[in-house]
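To keep things clear, I will list the structure first and then write my remarks on it.
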Amino acid sequence: MFDSLQALPPDPILALTPAYRADPNPDKIDLGAGVYKDENGNTPVMRAVKEAERVLLAKQDSKAYVGPGGAAGFNEVIASLAFGDALKQSLGERRVSLQTPGGCGGLRLAAEFIAKANPRATVWVSDPTWPNHRPLLGAAGLTLAAYPYYDLDSHTVRFDAMLESLSAAAAGDVVLLHGCCHNPCGADLGREQWREMRDLALDKGLVVLIDMAYQGLGDGLEEDVYGVRLLAESLPEMLLVSSCSKNFGLYRERTGALSVICRSGAAATAALSHLAATARANYSMPPDHGAAIVQTIMEDAGLRADWERELAEVRDRINNLRAALVRELAAAGAERDFSFIEREKGMFSFLGVSPEQAESLTGDYSIYLVKSGRINIAGINRNNISYLANSLAELLRAGV
Ligand code: LMR
């Protein structure tokens, strides 16, 4: 029966990594998958993570099962990181959190949970959004719809169009928002826009699902959760997916969480039972190691301070690279205003090139990027930035 299956096209993001590795061009640049790289092109293990691993190696005395919801201690520290201690306290028993296999596991669990609670819910995703959002949410059988989000010509959020589109959503529909550092466009909602979004959700009875994959990579750990906290303190129900892939650099350890806020403690208890049963029916329980690292760091003042310092270094480097790229493109004579790159946040921005131009950057210049024109800013360094800027300027002049 297996020979009835046709091969699927490669993943639009993940396939870029092996293609880059196989390219013999010494000038090649990897701006594909959203993985942080330092000046030498390496993705280092963060200092606090290494130290936490040493601590764990010495003190861990069992590998017995933990449970479908993961480690209770991790769930508390990850909820504190997102909501802050005061709000977490005031949410009390209305909030439950479960450790998940990365942010992807959290999104999939959220989707299955939504499908159980309201199978008729439409989930509204931004146009554009991370390409894996649709498969993750759609796999649970949910209907998806798109709301306009980013204008590729003006490089701004199409906020009026977004609100107008979402005002057609039905009560009980779900709106997926990016908590910060929008993937793929890097353009986030401003504070006033978050407030308007909250008002719309309250007015229309919409449930918000926030994907928080980059806390700390935009403006700061606290600054980046403005929207999360505003909505969590105002809305009766909400879902939040946290990822530790980027801000702790734990990509392959698959470390994340899903938090659900319900109208009452009783509803939250029921929700938790469904979430745990869904986890059990999918992967039984999440992997432990990454979550144990995060918990160890967050519960140790010294490790936590060092993690925050290194995260700030990462954030500053990305923001400096944004400014440097804008300067280099101007110096290379690029006949376009790229200043938006400096205004945008996090790992990603669109270069504003067509899929054909993106293909030409890869095929003719060995610059690897997603065909949508999305680049991972963190893949730039002082050795490759001129080549990148000159190649792009040349491509734009050629008018391919
Ligand atoms: C990305 O968007 O490049 C990252 O989140 C990696 C992934 O899983 O797609």
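The values are calculated or read from the model by the stated rules, or taken from the named source; none is laboratory data. All values derive from a computational prediction rather than experimental measurement. All Cβ positions, glycine included, derive from the backbone under ideal geometry; neighbour counts span all protein chains shown. Ligands, DNA and RNA are excluded from the accessible area calculation, which covers all protein heavy atoms including side chains. Shrake-Rupley method; radii C 1.70, N 1.55, O 1.52, S 1.80 Å.
Restricting attention to the range 1-19, report how many residues are surrounded by 10 or more Cβ atoms within 10 Å (Cβ to Cβ), in a helix (DSSP H, G or I) and either hydrophobic (A, V, I, L, M, F, W, C) or within 13 Å of the ligand (Cβ to nearest atom) (or both). Number of matching residues: 3. Counting the residues of the range 139-166 that are part of a strand (DSSP E or B) and surrounded by 19 or more Cβ atoms within 10 Å (Cβ to Cβ) gives 3.
Would the range 68-81 turn up any residue that is of a type in the set (Phe, Trp, Tyr), part of a loop (DSSP other than H, G, I, E, B) and more than 16 Å from the ligand (Cβ to nearest atom)? Within the range 68-81, none of the residues are of a type in the set (Phe, Trp, Tyr), part of a loop (DSSP other than H, G, I, E, B) and more than 16 Å from the ligand (Cβ to nearest atom).
Against the list (1) at positive phi; (2) open to solvent by less than 20 Å² (accessible area, probe 1.4 Å), the condition GLY333 fails is (2). For the range 348-385, a tally of residues being among the polar types (S, T, N, Q), more than 19 Å from the chain's Cα centre (by Cα) and not in a loop (DSSP other than H, G, I, E, B) returns 3.
Evaluating MET197 against the criteria (1) part of a helix (DSSP H, G or I); (2) open to solvent by 10 Å² or more (accessible area, probe 1.4 Å); (3) more than 16 Å from the ligand (Cβ to nearest atom) leaves one unmet condition, (2). Residues in the range 332-347 that are outside any loop (DSSP other than H, G, I, E, B) and either closer than 17 Å to LEU14 by Cα or not charged (D, E, K, R) (or both): PHE340, ILE341. Might you let me know whether the range 30-46 holds any residue that is outside any loop (DSSP other than H, G, I, E, B) and surrounded by fewer than 18 Cβ atoms within 10 Å (Cβ to Cβ)? Looking through the range 30-46, none of the residues is outside any loop (DSSP other than H, G, I, E, B) and surrounded by fewer than 18 Cβ atoms within 10 Å (Cβ to Cβ).
Considering each of LEU321, LEU329, LEU351 in turn, give the residue that is in contact (Cβ under 8 Å) with a residue 12 or more places away in the chain and more than 30 Å from LEU250 (Cβ to Cβ). Within the list LEU321, LEU329, LEU351, the selection yields LEU329. Please state which one of GLU335, GLU359, GLU313 is among the acidic types (Asp, Glu) and in contact with a helix residue (DSSP H, G or I) (Cβ under 8 Å, 6 or more places away or on another chain). Of the residues listed, the single one that is among the acidic types (Asp, Glu) and in contact with a helix residue (DSSP H, G or I) (Cβ under 8 Å, 6 or more places away or on another chain) is GLU335.
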